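Following: one structure in structure tokens, then a few remarks.
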Amino acid sequence: MRRLMSSAAMAVILLAAGSVSAAPAAKAKSKPATTASMGSKGATFATVTSQLPRNVRPSHYDLAFTPDADKLTFTAKVKIAIEVIEPTATVTLQAADLTFAKAEIAGVGAAKIKVDEDAQTAAFTFAKPLAKGKYVLSIDYAGKIYKQAAGLFALDYETEAGKKRAIYTQFENSDARRFIPSWDEPFYKATYSVEATIPTGQMALGNMPIASSKDLGGGKTVVRFATSPKMSTYLLFFGLGEFDRASVKAAGADVGVVTKKGDIPKAQFALKAAADILPWYNDYFGTPYPLPVLDNIAAPGRSQFFSAMENWGAIFYFEYALLLDPKISTETDKQNVFTTVAHEMAHQWFGDLVTMAWWDDLWLNEGFASWMEGRATEHFHPEWNAALTAVGGREYAMGLDALATTHPVVQHVETVEQASQAFDGITYQKGEAVIRMLESYVGHDAWRDGVRAYMKAHNHGNTVSDDLWKAVEAAAKKPITAIAHDFTLQPGVPLITVDSATCAAGKTTLALTQGEFSKDLPDKKPLTWRVPVTVKALGGGEAKTLVTGGKGSVTVAGCGPIVVNAGQSGYYRVLYGPERFTGIVQNFAKLPSIDQLGVMSDVWSMGLAGYQPATDFLELAKATPADTDPQVLSKVAATFSAIDGYYEGQAAERAAFRKLAIAQLKPLLAKVGWTAKAGEPDNVAILRADLIGTLGGLGDAEVVAEATRRFAADKTDPSAIPGPLRKTILGVVAKHADAATWDTIHAQAQAEKTPLIRNQLYTLLASAEDEGLAKKALALALTTEPGETLSSTMISKVAQNHPDMTFDWAVANKDAVNNKVDSSSRTKFIPGLGAASSDPATADKIMAYAAANLAEGSRKEADKAAAAVVNRAKIRQLRLPAITAWVAKAG
């Protein structure tokens, strides 16, 4: 799954860079944690964590159903082939929001049915116990079609011919039970046969190709899909609507894209990417893709939980994650489409073919897919310099991991809400960073060989983390399990301090100490890690060591400035000390761009946390050459924007800082210009947009005026706003909008029929700095006008500029707001709205909201949001004065 960042997560990034309603969240019960689920032994049916009795297991589901999209309901019958392991009179499985007509086993009789809504289970009790053996449980039932992305759900969208509706499914992590009564846990793999009765003329989509189709007359057709391979419930998929499809043959599979009618041209880039990636993945994993079809399905709408989902053979994307529209799409959009396709396709192996046994090891799915998308990008698009992008992901993870509210990569999960909250930056980005570090430690080839062995040994099965470490150790012939355990079974960020650097005979020996980097518990006793460290002397050599027991040393050829974590493959912070840091500043332009970005990231984060002066970042920014990699320059711009945010409410100090920041950024914009140059690197286009957006946000009069001029000219001059800059230019205009401009954008949104553009326009309405206009956007978000799935995006956007006001408003309108949010995001959406606040009182409000509205075990995201607020307030109090003084001294 390609997740979306919550408001709390976005706040952490800014700190580091600076009428059927949706279903209710479940209160499912859980069995105690098991050794297997925590990753120390292979999982088995008897030991894997489960919320169900272990006396029955399924092997095949034969489902026939009829959706009624107009009424938002469906009826169904499922025949489940089961095996009774221990004699029992009751078969218990998971079900939510389903109503049952009857249940029976041929030759046994009908069952009494008892539904537990809180536990999300249905129990079928027979007159006599079922003996050990195999049976077929038949169930007739009905269910809901939701308006948010959970279970079977509907998406409405505008077209020139009027409003249309399509339906899709979204089951991860625990929503298959809203569509099919089932053993809705990843360990219970089974095969599926699906039959659907649909409106004639519409296209039905599933995990497998349609095996047969029969016109029933009366406007109805029944379609039956081929039987699927054995897979977990959350990977089952169905889609229905007025679609177009295009496909190509690649590596023996029919690789396709599916869009609403007329949008296939917008999916061509994604189709080519998928066709290119498939044979490369087949080779890398050493196991061919096992299904005959691989569809990439684009749908209008949004979710606060995810942007794409890896259903086996039928990957679902919201349109913005798959389609490129030349009227509005940017270079960033293009790169995001590629990486999202690469991420979801990697899941066809990591997650679909080989699945974690329980949600404790979710990172085996998500961390690996995040890492693999980077590997694919480096292979197919080296010009994008994806290794630098990975540094940004690592920084995001460290921002979360350095707070007391963090958790280990492998974490125990007990409830549905906890499983939903496990989809976070620790699971994804820290998981990815740890993999990059271990891959670098053992070598790329050895790592790949270990992955191949892991795939071969566990295909169509379930695993825990140690299954992977065992395979890689065997291939690499190098111990990594202890290192892997240090970084996945305990939380936190190691801190490597350079205690001394002694040069003799042309070599430098570094004495290193390992501590722990923390933003809110600086005096805590540090945990210990085995830390793979790479160092490089400027103009000299490279050396590696493994820091163990809190101490280490390494000798490297050369006596110039030394970069620790050279190449940035390690997951740790580095503290150099004043003298060695001065040497890095003086030679900063000579460092590889990836080390410029890594050093800059360390210095900014540790400056905010008080480990070194926060102004050290400003020294590095001043030393950054204008011809370095655009991603490094974008980091400077983003951090300036973050500093500006800390000055909220301090008009004089903010004005002085803005003058300095604008003076440094304006020459960069002058160099790249407002107009793209033929043959320019792709990342320059991203830098151009970043600079315009940042300078506009800083209130640079010339940039705001030029954006406003182009917006006005766009009515008569099609070239005034080039497609790749439309989002950026309109973003500047919307941020500074007055009432008349806001009304103009609103009118454009109401008239727009293309969902991609329409959604962007409504989101822009939520971008205004003016509080009165922000309140208008919030009121609009609670109406049906923007669309059921876009409202939450608008609310989150308002919160970026007005966190305190938005949080208070959301609490006052709790039920209405929650109805605009999919069930997987319910426990984190409202708390996250306040995360960008600097007011400690808002942190108290967030915790009070959580205590009153969330189960005790489901408050992690609220804890993170409150911690972000407290940290932001601390930065304003303790770090901002030094930045103000530095700015004043700089003139």
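The values are calculated or read from the model by the stated rules, or taken from the named source; none is laboratory data. Note that the structure is a prediction, hence the values are computed from the model and not measured. No Cβ is skipped: glycine too gets one built from the backbone with ideal geometry, and neighbour counts run over all protein chains shown. When the accessible area is computed, the model is the full protein with side chains, heavy atoms only, and any ligands, DNA or RNA have been set aside. Shrake-Rupley method; radii C 1.70, N 1.55, O 1.52, S 1.80 Å.
For the reader, a short list of remarks on this structure follows.
- The lone exception for L72 - which of (1) over 26 Å from M231 (Cβ atoms); (2) open to solvent by 60 Å² or more (accessible area, probe 1.4 Å); (3) at pLDDT 95 or above; (4) of a type outside the set (K, R) it fails: (2)
- Residue match in the range 109-117 (condition: among the acidic types (D, E) and over 26 Å from P229 (Cβ atoms)): yes
- Selection of helices (runs of 4 or more DSSP H) fully inside the range 781-891 by the criterion of at least 2 residues being farther than 30 Å from E414 by Cβ returns 791-801, 803-812, 840-853, 860-878, 880-890.
- Matching residues, the range 326-353, being of a type in the set (G, A, S) and over 16 Å from E378 (Cα atoms): S329, G351
- Within the range 521-538, the residues that satisfy the criterion of being open to solvent by 20 Å² or more (accessible area, probe 1.4 Å) and closer than 26 Å to E439 by Cα are P526, L527, T528, R530, K536, L538.
- Pairs linking a residue in the range 334-345 that is under 13 Å from A274 (Cβ atoms) and assigned to a helix (DSSP H, G or I) to a residue that is open to solvent by less than 10 Å² (accessible area, probe 1.4 Å) and of a type in the set (F, W, Y), with Cβ atoms under 7 Å and 6 or more positions apart or on different chains, are T340/Y317; M345/Y281.
- Elements of type strands (runs of 3 or more DSSP E) contained in the range 211-282, each with 1 or more residues being open to solvent by 40 Å² or more (accessible area, probe 1.4 Å): 220-225, 243-250
- Condition met for V817 (within 21 Å of T639 (Cα to Cα) and at pLDDT 95 or above): no
- Under the condition of being of a type in the set (V, I, T) and open to solvent by less than 30 Å² (accessible area, probe 1.4 Å), the residues counted in the range 385-405 number 1.
- Qualifying residue in the range 652-660 (condition: more than 28 Å from N801 (Cα to Cα) and buried (at least 18 other Cβ atoms within 10 Å of the Cβ)): no
- Scanning the range 438-459 for residues that are over 16 Å from E378 (Cα atoms) and assigned to a helix (DSSP H, G or I) yields a count of 15.
- Boolean, D449 is surrounded by fewer than 23 Cβ atoms within 10 Å (Cβ to Cβ) and either of a type in the set (D, E, K, R) or at pLDDT below 95 (or both): yes
- The set of residues in the range 375-413 being over 14 Å from the mean Cα position of the chain (by Cα), of a type outside the set (A, V, I, L, M) and assigned to a helix (DSSP H, G or I) consists of R375, T377, E378, H379, F380, P382, E383, W384, T389, E395, G399, D401.
- Pairs linking a residue in the range 215-229 that is at negative phi to a residue that is of a type in the set (K, R) and open to solvent by 70 Å² or more (accessible area, probe 1.4 Å), with Cβ atoms under 7 Å and 6 or more positions apart or on different chains, are T221/K214; V222/K214.
- Checked against (1) in a strand (DSSP E or B); (2) surrounded by 15 or more Cβ atoms within 10 Å (Cβ to Cβ); (3) not aliphatic (A, V, I, L, M), D97 passes all but a single condition, namely (1).
- In the range 424-431 there is no residue that is farther than 25 Å from H343 by Cα and crowded, with 20+ Cβ neighbours inside 10 Å.
- Test for G558: is it at pLDDT 95 or above and closer than 14 Å to S601 by Cβ: no
- Within the range 834-862, the set of residues being among the small types (G, A, S) and surrounded by fewer than 16 Cβ atoms within 10 Å (Cβ to Cβ) comprises A841, A848, A851, A852, A855, G857.
- Test: G515 is open to solvent by less than 40 Å² (accessible area, probe 1.4 Å), outside any strand (DSSP E or B) and either closer than 29 Å to N871 by Cβ or touching a strand residue (DSSP E or B) at 6+ places or on another chain (Cβ under 6 Å) (or both): no
- Looking only at residues in the range 539-554 that are assigned to a loop (DSSP other than H, G, I, E, B) and farther than 15 Å from D499 by Cα, the one that is most open to solvent (accessible area, probe 1.4 Å) is G539.
So that you can scan it fast, the table gives a plain yes or no per residue for (1) at pLDDT 95 or above; (2) open to solvent by 30 Å² or more (accessible area, probe 1.4 Å); (3) over 26 Å from A779 (Cβ atoms); (4) of a type in the set (A, V, I, L, M):
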| position | (1), (2), (3), (4) |
| --- | --- |
| A712 | yes, yes, yes, yes |
| P718 | no, yes, yes, no |
| I721 | yes, no, yes, yes |
| K727 | yes, yes, no, no |
| V732 | yes, no, no, yes |
| Q750 | yes, yes, no, no |
| P755 | no, no, no, no |
| Q760 | yes, no, no, no |
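- Unique residue being within 22 Å of Q335 (Cα to Cα), among the aliphatic types (A, V, I, L, M) and modelled with pLDDT of 95 or more when the list is V704, V636: V636
- Subset of the range 555-607 [of a type in the set (G, A, S) and either at positive phi or in a helix (DSSP H, G or I) (or both)]: G558, G567, G577, G583, A589, S593, G598, S601, S605, G607
- A888 being buried (at least 23 other Cβ atoms within 10 Å of the Cβ) and either under 23 Å from Q650 (Cα atoms) or in contact with a strand residue (DSSP E or B) (Cβ under 7 Å, 6 or more places away or on another chain) (or both): no
- Just one of the listed residues (T694, T628) is assigned to a loop (DSSP other than H, G, I, E, B) and of a type in the set (S, T, N, Q), namely T628.
- Residue that is farthest from Q202 (Cα to Cα), among those in the range 75-94 that are open to solvent by 50 Å² or more (accessible area, probe 1.4 Å) and assigned to a strand (DSSP E or B): E83
- Members of the range 565-585 found to be under 14 Å from V603 (Cβ atoms) and among the aliphatic types (A, V, I, L, M), listed by number: V574, L575, I584, V585
- Complete set of residues in the range 697-717 that are over 35 Å from the mean Cα position of the chain (by Cα) and not in a helix (DSSP H, G or I): K715, T716, D717
- The residue that is most open to solvent (accessible area, probe 1.4 Å), among those in the range 103-146 that are more than 16 Å from K79 (Cβ to Cβ) and of a type in the set (S, T, Y), is T125.
- Residue list for the range 149-174, filter: in contact with a helix residue (DSSP H, G or I) (Cβ under 7 Å, 6 or more places away or on another chain) and assigned to a loop (DSSP other than H, G, I, E, B): A150, F171, E172, N173, S174
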